[in-house]
Each structure stands twice: as structure tokens, then as C-alpha cells.
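Throughout, read-outs are computed from the coordinates displayed, never taken from laboratory work. All values reported here derive from a predicted model rather than from experimental measurement. Methodologically, a virtual Cβ is constructed for each residue, glycine included, from the backbone with ideal geometry; neighbour enumeration extends over all protein chains shown.
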Amino acid sequence: MPTLKTLAAALLLLATRPAAAQARHEYLLDTDWKFAKGEIPDAANPTFQDAKWQTVSVPHDWAIAGPFDGNNDLQAVKIEQNNEAKASLKAGRTGGLPFIGTGWYRRRLAVPQFGPGQRAVLLFDGAMSNAHVFVNGKEVGYWPYGYNSFSFDITSFLSPDGNNTLAVRLQNQPEASRWYPGAGLYRNVHLVVTDDVHIPVWGTYVTTPEITAGLAKVRLKTKVETPNGAFQPLRLQTEIRDAAGQVVATTSTALAATDGLEFEQNLVVPQPKLWAPETPVLYTASSKLYAGDALKDAYTTRFGIRSFKFEANKGFSLNGQVRKFKGVCNHHDLGPLGAAVNTAALRRQLTLLKNMGCDAIRTSHNMPAPELVSLCDEMGFMLMVEAFDEWKTPKVKNGYSQYFDEWSERDIVNMVHRDRNHPSVIMWSIGNEVPDQSTPGGNKIAKRLQDICHREDPTRLVMAGMDRFDDDLKNNFASVLDVPGFNYKPHRYPEAYGKLPQGFLFGSETASTVSSRGVYKFPAVKAKDKKYADQQSSSYDLEACNWSQTPDEEFVAQDDLPYVMGEFVWTGFDYLGEPTPYDEQWPSHSSLFGMMDLATMPKDRFYLYRARWNTTAATLHLLPHWTWPGREGQPTPVFCYTSYPSAELFVNGKSQGRQTKGPSDQPQTRYRLMWNDVKYAPGTLKVVAYDAQGKAAATEEVHTAGKPHHIKLVADHTSLAADGQDLAYVTARVEDARGNLCPDATNELKFAVSGAGTFRAVGNGDPTSLESFQKPQMKAFSGQVMAIVQASNKAGALRLKATGTGLKSGEIELKTSTAAQ
Ligand code: GAL
């Protein structure tokens, strides 16, 4: 009979040591890190005293706290892509934040469940950059490229007494980037403990070689590692479950001596539900690895069942249906949160993109956070995962070109191995606008990189984003690629189609229209490289760079040329750095290209794309705002971005006539309804939209605002997960007494959070604002500020209060709960 004491001891053992049957233990190393900036001799040494260092949690971006300074990474460059003739000083090119230099992270590394016959691996989702990793004072590995994931086996470095120290040294060089890269352990770090007979990191590869309505063949290749790579008679048992958790296929396979330590399993899923952006259905393969009866490892691979093709003259089809990519390019930073990855922030971005009807993302110009790839699987986005912005020929002095020869293969292999099981990933991109397009042998590099992708993943095609059109054709650069992607070349698509062998192409980067949210300039005319004293661009969406276009010019090519397979617009969101056309004008430090601003607030352009891309919900949006004291009687054009074909505009009840979209030599009139001669009079702007049958279908009004009166808080969702990570984005609107947005309000708003959460960050989308993202106060830009609040681990009510001098304060209560999403 077990005594109470032994029973209690056994229970305790069970509680502290997960069931003996569990062979794999994965830990997120997110808390209790110590961080310090600077060259610190001895910081890797286990006896080093780091008590005075800052305590941080990871993901962590050491530079986002600021302060902004035009001398941070001041670059004297000639931006070739902007057709600049000579070098000039660019202060905000990489965001003006203090990310240059060395930083150290240290942490005690407990390795529970570790003992003889086991292995421990550290997996970094990304570390910015030049990561040197030390365990107990010894270097276990180095990885230079800040965007890639990498892992090191640390088994032989661990101390038998369980007392271990992990130290990571990171270093960012100046002039190494064309945008804000972030700094530090900005992605997650994992510790994986397994038996020494185990499935390694990214050890499975799932493909679906045949799909019919009745069945899908699923091929799962699973690598195993054994001590000294010696053969062992192992068995792998795999079950596939559908989204509801029902087992739909099982198999059990013995490893043969001739298998080279890789299992191949072929399973059949009956009546498969296909993955598509509109139906992001996922399956999971759960594999158990046995030696005799002993469970050695357990590994789960999530995947989707879908087929796609690229066919000459027909283009791209997914699950047999031809479609064009409605895509955006995005950089990795999360605006006010910096580069530190946060799943809730990514989900917020994807929710907005979904609402716009976007179905594809290009992870420009580097490997994304794994959280983004998983969310794209779940929420339904096709991904083009990109590797590099530079090959051998530099764009910036200390860019990736210095690592290219030694690291490019390893970087591509990791990229492909990490992401090849994801149904969202449709294509690999080996590069963006690499200057090697123009150098002899550039096409050979392209071929080599493409071949590596094919070797590691024969199921996907490879592209590169090309901007040097004539060289691409002359140097056989474009013809080498599986899929030719052109940046900003809608006017040359017919020529490319005629001269290239593929029979299809796409806009890998399009538009680069510039605008600032809520800012309108008069007269509203098409312009290139247009600059204004306030360092903003007009939201009439008519301004672009000398090499780029308005959205509509690309739309014409997309709609009229069947072999063009879609577009990836530059960009979904504004990002830190690259404030073109104000590259030389500090304090401009963030981009103006986004459909949404840096704080994720939609600009007018969001609705122009939504009207075209969202085929399930109608769009009816008017611009500009209608508060123009001093413009009375002056021409103040009104545009309507709508999915309806036609509409009539009224100013204070007086018709301004009916406009209908239609072909003309002006691409804009095909995609926007425009009343260019409206004379401003304060009051009400009203539009009545007519459907294809000519019936009045919807109306929209904009009112002249009175004086700022109160702050209204609007949360993107009011129910949060009490997980210490979840975020709500709360828009603070300065409104007049009647609830109209005051579009010129610049009041400083202050935020206070109480209850079950904390203030996380603030942003207003103004590319010239040098206010801190991390202090709970900011001036309104075009009447609005975005406050980002974070749930704590405790369920309850999170209250946010916003105050501003002369304004009635605003308050909102959000609920956080352990079950909420
Ligand atoms: C493209 C380039 C992007 C970005 C964009 C806007 O040429 O590929 O990375 O620089 O222009 O300036």
C-alpha cells in the first residue's frame, strides 16, 4: 500500500515532471533576461555580475524606446533606385532610432528534464544581428543575418550540476540597412529538450502529391537523429487530424537500414477540405517515434491541402481556380512596437488586410517571424517569403553582401526548412532589386539560389523582384527565374511577356504612391517627387516617386492583361525608415507608402484597394474631410472610392452631378469617382451610390466639424485574452460636440491605464513626429492618436482614460479573460 507521503511525492513528481511518456520539452525563454548596451568584456563569463543590467522580456527591441536623432545611422548615399545623381545625407533612412552598436543579453538557463541520453537545442526565431551565442562562457555558435531563424545544439556545453548561463552578443553595424531593422532579441528564443534519438528542428517535410475531390495523398518525410548517426530499428507512428481534431488517417512505419535516417510515410486523407485564403482549413500530422516500446519523440506538423499551378498564358491558379494576387509588401516592424514581434499586433495587421480584401503578402525583403507565417495559415493569406535585399553587389556599405558568399546557401536552407510545411507559403523569393541584375554572372547567382530552393523544396516556384528591366532581359536574368516579378513596370509588361519564355509575370512591387493620413493638398493634381513644407504628402492619392505610379496605373495593366498574375503593393503599412520623398529632410523618419499609417490607421488609399479587392462587402468612402475654414468658394475636389459603379454627390443638398466609372485615357476615372470642380461650402457632403442596376444602394456623409470638444475612444476589440501578451488598439478621436472628427486637431492627449493591463505604446502616424512611442502621451495627427494597451495575466477589467487640455476626457473599459481571444 503506498503511504500518503509516497503518494504525495509521486503526485509532486508528476506535477513538476511532465508525464514520463512526454519525450519532448519545449520552453519559451521569454522572461528574466538581463540586457545592457555596449561593448562589455567578460559578459559571456558565467561569473559576470549583471545585477545592474536592465531586466527585460524577450521579444525585445532595444532601440524602439528612442530617442529619435538624425545622427543615428546618418547615411551619405546615392539611392540608385530613386535615380539620384549624387550622394546626399539621409538622416531618417533607417528610422533615426539608436539601433547601432553592441548589445548583450544574459539569462540563467535552467534545463529541466535534462540528463544523460538527452539533447538540448537553442532555437532563435531571429536575432538582430551578428548573434554570438555563449553557454557557460563558451561560444556555441554564430549567425550573422538578423532575419533568419537558426538553432544550435548545446548539449555538450551544459553543466552536469544544472547551473547554466546563456549569453548572447548582438551587434548592428551602421549603413547596413535601407529601413529600420530593429535591434536585439526581437523574436522568440526557444529551448528544446529531447531524447538523443529524436526528430531535429524543422525535421519534417509534408507534401500533398495528389489531390482529388475524393482524396489527398499526403507524404510526410521525417528525419531522425541518433547518437553518432548510427542506424537504429525505430518506428514512426503518425496520425493526421482534421481541423475538428478527428483522426482521418494513420500509419506506422519501420525505419530500414537503407532509409538514411529518414522515414517516408504516405497517407490518404479522404474528402479533403482544401486550404485557400477564403477557407484556411488546416490539418495536423502527429508523429510518435518509438524504439521498441519506448517513446523517443513526439512531433506535430501542421499543414494544409491545396494545389497550385503557374501556367503559360493562364497564370496562377489555386485549387484549379485562376486568380490574381491581391497582395501587399510589408516590412517587419510593427510601428510603435518596433521590431519586437507580438502575435496580437500581427493579427491586427492581418485583420485590417482581410477587411481590405487582400489575399497575399510579400515579406519584403527578408524572412518573416514564424508567428506571421502561422497566422497566414490560420487567417488565409498567400505568402511570398523573401530572403534577401542584397547579393554580392552592395546597396549599402555594410549590408548582406559581406556575408553573401559564405552564408547565402545556409540562409536559404533555413528559410525553406522552417517554412516549407506552411500552406500559406506559395512562392520563395530569392531577392529584391539586387544590383547583380546588371553585373555579369548575376543570372548565374540567381540560378544557384533558385536551385537551392528547388533542392530543398521541389513543390514551389522561385521569383526575384526585378527593377532593372532592360538588364533583366538583356542579361538573361529574368528568363532564368521560375516566375518573373517586376517592380513598378506596368507599362512594360507587354514587352516582358513578348520576350520572356515563361508566359506569365506579376507585379512583385507596385504603386509606391505616397500619402499622409488626413492631409490634402491643393490643387489635387498628379505629381512625382512632390514635396511640401510640412513634409507630408497628399491623400488625394495622386503623388508618387519618379519611378513609381498611382494605384490606378497598375490597376489598368492588371485588368487588361490576362497573363499578369496580380500585384504586391508597396506597402500595406507605413514602416520605420525610408521617408521618401523626404529622405533628406529630418525629422522625416517613417515611410509614406502605406495604405495604413505607422499606427495602423487606414488612410484613404485603404478604401481605394478595398473597393477593388473586397468582393463580399461594399465600399463607399468619401475624401477629403469637409472642414476647410478659409477655402469657402474655392475648388475643393471630392473623390469617392467605392465598389459601386456610379454615384451622385451633394454639397448641402445641391447636386454636383453623377459620375460613373469608365475607361478613358485617365486611369483614375476608371477606378475612382471624382468631382474636381466642387466649391467648398461648410456643411454636409453627401454621396448616393448606385448599383449596376441603377438603383440607389448606399449613402455616405461627411460633415464640417466644429471646435474640438471631447475625446472618443474606439477599441478594435473589447474582449482580450488575459495572457500578458494580447493587445487592443484604441483609436482616440478628437471630436466636436456632435461627434464629428476634428480633422485638424493637434491636441496633446494623455493616456492612463488601470486594472487588468498596461499601457504599451502610442502612435499617430505622423512621419515627422519625434515623440516617443513609449510615453503615454502624444499629439493628435489629423485628429487622431492610437493607444496600444496590453492585457496582464490576470482576468478582469482594463480601463483606459484619455485626457487633453480643454477636452472632455474619454474612457473605455475592456474585458480580459482567460478564455477570450
Ligand atoms: C523599391 C524597393 C523597396 C522600397 C521601395 C520604396 O524599389 O524595392 O524596398 O525601397 O522601392 O522606396
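Hand me the trypsin sites (Lys or Arg not before Pro) from the stretch 64-151 located in a DSSP loop with no more than 10 other Cβ atoms within 10 Å, in residue order please.
Values: sites: 78, 86, 90, 93, 106, 107, 108, 119, 138; in loops: 78, 86, 93.
Within the stretch 64-151, the qualifying trypsin sites (Lys or Arg not before Pro) (loop, at most 10 other Cβ atoms within 10 Å) are 86.
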Cα-Cα over 29 Å, subset of 314/661; 37/397; 37/775; 314/603
314/603
Run through the stretch 652-725 and list the trypsin sites (Lys or Arg not before Pro) located in a DSSP loop whose Cβ has at most 11 other Cβ atoms within 10 Å.
695
Which lysines have a Cα less than 18 Å from the Cα of residue 679, not counting those fewer than 8 places away in the same chain?
521, 654
Under 5 Å between amide hydrogens, which residues at least 5 positions from residue 148 or on another chain qualify, with H placed 1.01 Å from N in the peptide plane?
127
Packing-based exposure ordering (other Cβ within 10 Å, fewest first) of 77, 218:
77, 218
Cα-based Rg and Dmax for the chain, in Å, come out at 27.7, 96
So the FRET efficiency between residue 228 and residue 634, C-beta based with R0 = 51 Å and rounded to 0.05, is 0.05
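I'm a student and want to see the number: the projected area of the Cα convex hull of the stretch 156-242, averaged over all directions, in nm².
Across all orientations, the stretch 156-242 yields a mean hull projection of 11.8 nm².
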For residue 697, distant residues with modelled amide H under 5 Å away:
689, 690, 691
Around residue 456, under 11 Å between beta carbons, what's the net of Lys plus Arg minus Asp minus Glu among the other residues?
0
How many nm separate the modelled label positions at residue 69 and residue 402, each set 7 Å beyond the Cα in the direction of the Cβ?
2.1
Between residue 215 and residue 247, the FRET efficiency computed from the C-beta separation at R0 = 25 Å comes out, to the nearest 0.05, as 0.95
Whole-number D in µm²/s for the stretch 114-170 (Stokes-Einstein; Kirkwood sum over Cα pairs; 37 °C, 0.692 mPa s):
278
Positive minus negative residues near residue 209 (Lys, Arg vs Asp, Glu; Cβ under 15 Å):
+4
Compare the peptides 397-403, 536-542, 307-313, 561-567 by average per-residue count of other Cβ atoms within 10 angstrom and give them in order, highest first.
536-542, 561-567, 397-403, 307-313
Translational D in µm²/s for the stretch 676-821 (Stokes-Einstein at 20 °C, 1.002 mPa s, Kirkwood Rh from C-alpha pairs)
127
Rule-of-thumb Rg ratio for the stretch 201-357 [Cα; 2.2 N^0.38 Å; N residues]
1.29
Mean shadow area of the stretch 78-190 over all directions, Cα convex hull, nm²
8.1
If Rh is defined by the Kirkwood formula over all Cα pairs and Rg also comes from Cα, what ratio Rg/Rh do you get for the stretch 407-471?
0.99
One would report the Cα pair-distance distribution of the stretch 298-412, bin width 10 Å, in %, as 11, 34, 33, 21, 1
Please report 674, 463 as a ranked list, fewest other C-beta atoms within 10 angstrom at the top and most at the bottom.
674, 463
Select from the stretch 736-773 those trypsin sites (Lys or Arg not before Pro) which occupy a DSSP coil region and have at most 16 other Cβ atoms within 10 Å, ordered by residue number.
738
Run the numbers for residue 45 and residue 410: contour at 0.36 nm per residue of separation, minus the present Cα-Cα distance, in nm.
128.5 nm
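Can you tell me the FRET efficiency between residue 491 and residue 676 if r is taken as the Cβ-Cβ distance and R0 is 35 Å, rounded to the nearest 0.05?
Between residue 491 and residue 676 the formula returns 0.90.
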Two decimals is fine: what is log10 I(q)/I(0) at q = 0.15, 0.23 Å⁻¹ for the stretch 237-308, from a Debye sum with one equal scatterer on every Cα and no solvent?
-0.57, -1.06
Using the alpha-carbon atoms, what tilt in degrees (0 to 90, nearest 10) does helix 4-16 show relative to the longest principal axis of the chain?
50
What order, most packed first, do the peptides 614-621, 227-234, 348-355 have when packing is the mean number of other Cβ atoms within 10 Å of each residue?
348-355, 614-621, 227-234
Gain upon complete extension [residue 718, residue 300; 0.36 nm per residue less C-alpha separation]
147.2 nm
Cross-link candidates for residue 794: which lysines have Cα within less than 21 Å, leaving aside residues fewer than 8 places away along the same chain?
815
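For residue 746 and residue 817, compute 0.36 nm times the residue count separating them, minus their Cα-Cα distance, and round to one decimal in nm. Present the calculation step by step, with values, prior to reporting the outcome.
On the way: separation 71, 0.36 × 71 = 25.56 nm, distance 3.51 nm.
Length gained between residue 746 and residue 817: 22.1 nm.
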